[in-house]
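Q: Just dropping this structure here.
The values are calculated or read from the model by the stated rules, or taken from the named source; none is laboratory data. Since we're looking at a predicted model, the values are computed, not measured. Because the Cβ atoms are built from the backbone with ideal geometry, glycine has one as well, and the counts that use them run over all protein chains shown. Just the protein is used for accessible areas: all its heavy atoms, side chains included, with ligands, DNA and RNA removed. Shrake-Rupley method; radii C 1.70, N 1.55, O 1.52, S 1.80 Å.
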Amino acid sequence: MNKKVLVIGEMREGELRNLSFECLAAARKIAGEGEVVGALFGENSQQRASQLIQYGADRVLVSEDDNLKKYTTDAYRQAVIQLCNNENPESIILGHTSMGKDLAPQVAAELQSGLISDVVDLEVEGDNVIFTRPIYSGKAFEKKQIEEGPIFATVRPNNIPALEKDEARNGEITSVDLSIKDLRTIIKDTVKKSTGGIDLSEANIIVAGGRGVKSAEGFNTLYELADILGAGVGASRGACDAEYCDYSLQIGQTGKVVTPDLYFAIGLSGAIQHLAGMSNAKVIVAINKDPEAPILEVADYSIVGDLFEVVPLLKEILKKEIY
Ligand code: FAD
């Protein structure tokens, strides 16, 4: 199968997100001997474009148009539609991030194309691409394909491994003129909410706390554990509702979906809505004083005990092991 696949890269604070490299790996698989075209918008995209080549793009289209400096649905929708019309790709891949979830359905609808969202795997069978995506809050997986028209897909972070970086890979980087007009949204300022400095959707290790942590001060001990491990801090909705931490930390059905290598579930019960956001973590460690807590059923390792005794002990041991 020789197809042209367009990957919309995503920048954060002037750096490419890892997920963009994972999207390129998905695109390479779909394209076969065909062409993978990367697209990057906003500040620094010219400097970062070569990274897309190193991770699998054959060429990259770049626009540093002032209207594309920060993501707005309005401006990016126009940009992606123009690129799709100019390039006629068979597939368009984006990350399953706030940006991708917002942008992909709008562009797909405008181009009257199909969209498969939250893709965790894909297979190529002859001319068909079969995408795998979770359903019922991750309790089952469905395989889907779209038979006609350009296919839009959003890829969930940490599921399709990026290709190995190849610094010797060459490709063309082209600046494109896009006509972005009649904008109804202008970003004046962005305020970053703290999640321990690590992007939860791409974190390898997450330390998550629940209502059992009992207070905002209790969360400080989780931040300390996270610091030792180089982890991000997450939370259950119970902890967010109790104002122990910010809602930007919430993991679950109505929070973030994460797939780290290691997930510490501390003082949280493991409600179905929480599991929807983290049950695909590779290794789950639960610390809970209730031996009947549902989280223990999905945990690979369970420590039944008082978190206020277990976590300090864990920190002490890890400090000795790591430093
Ligand atoms: P609890 O269920 O109260 O659990 C606290 C746990 O801490 C208990 O298991 C207890 O044994 C343990 N504990 C207490 N003290 C200690 C101690 N000293 N040491 C060790 N363990 C201790 N929830 C989410 O998390 N994410 C979502 O996205 C989400 N979306 C939702 C969407 C909808 C539509 C609805 C209806 C609910 C949603 N919820 C979500 C809420 C969810 O149903 C639960 O209410 C919530 O996850 C419970 O949070 P928790 O586990 O922290 O609290």
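Q: Which of the residues belonging to the range 246-263 are farther than 18 Å from T97 by Cβ and open to solvent by 20 Å² or more (accessible area, probe 1.4 Å)?
A: D246, D261, L262, listed by residue number.
Q: Considering the range 26-59 alone, what residues qualify as being open to solvent by less than 10 Å² (accessible area, probe 1.4 Å) and closer than 18 Å to E164 by Cα?
A: If the condition is that a residue be open to solvent by less than 10 Å² (accessible area, probe 1.4 Å) and closer than 18 Å to E164 by Cα, then A26, A27, I30, A31, V36, V37, G38, A49, L52, I53, G56, A57 are the ones that fit.
Q: Let me ask another. Which of the residues spanning the range 213-267 are among the charged types (D, E, K, R), farther than 15 Å from E202 by Cβ and touching a residue at least 40 places away in the same chain (Cβ under 8 Å)?
A: Those that are among the charged types (D, E, K, R), farther than 15 Å from E202 by Cβ and touching a residue at least 40 places away in the same chain (Cβ under 8 Å): K214, E224, D246.
Q: Further, regarding this structure: Find the residue count for the range 1-15, including only residues that are modelled with pLDDT under 95 and either surrounded by 24 or more Cβ atoms within 10 Å (Cβ to Cβ) or not in a loop (DSSP other than H, G, I, E, B) (or both).
A: 4
Q: While we're on this one: With the requirement that a residue be open to solvent by 10 Å² or more (accessible area, probe 1.4 Å) and either on the phi > 0 side of the Ramachandran plot or in a helix (DSSP H, G or I) (or both), what does the range 85-106 give you?
A: N85, N86, E87, N88, S98, M99, K101, D102, P105, Q106
So that you can scan it fast, the table gives a plain yes or no per residue for (1) of a type outside the set (A, V, I, L, M); (2) open to solvent by 20 Å² or more (accessible area, probe 1.4 Å); (3) more than 13 Å from the ligand (Cβ to nearest atom):
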position: G218; (1), (2), (3): yes, no, no
position: A242; (1), (2), (3): no, yes, no
position: S269; (1), (2), (3): yes, yes, no
position: A276; (1), (2), (3): no, no, no
position: A293; (1), (2), (3): no, no, no
position: V304; (1), (2), (3): no, yes, no
position: V310; (1), (2), (3): no, yes, no
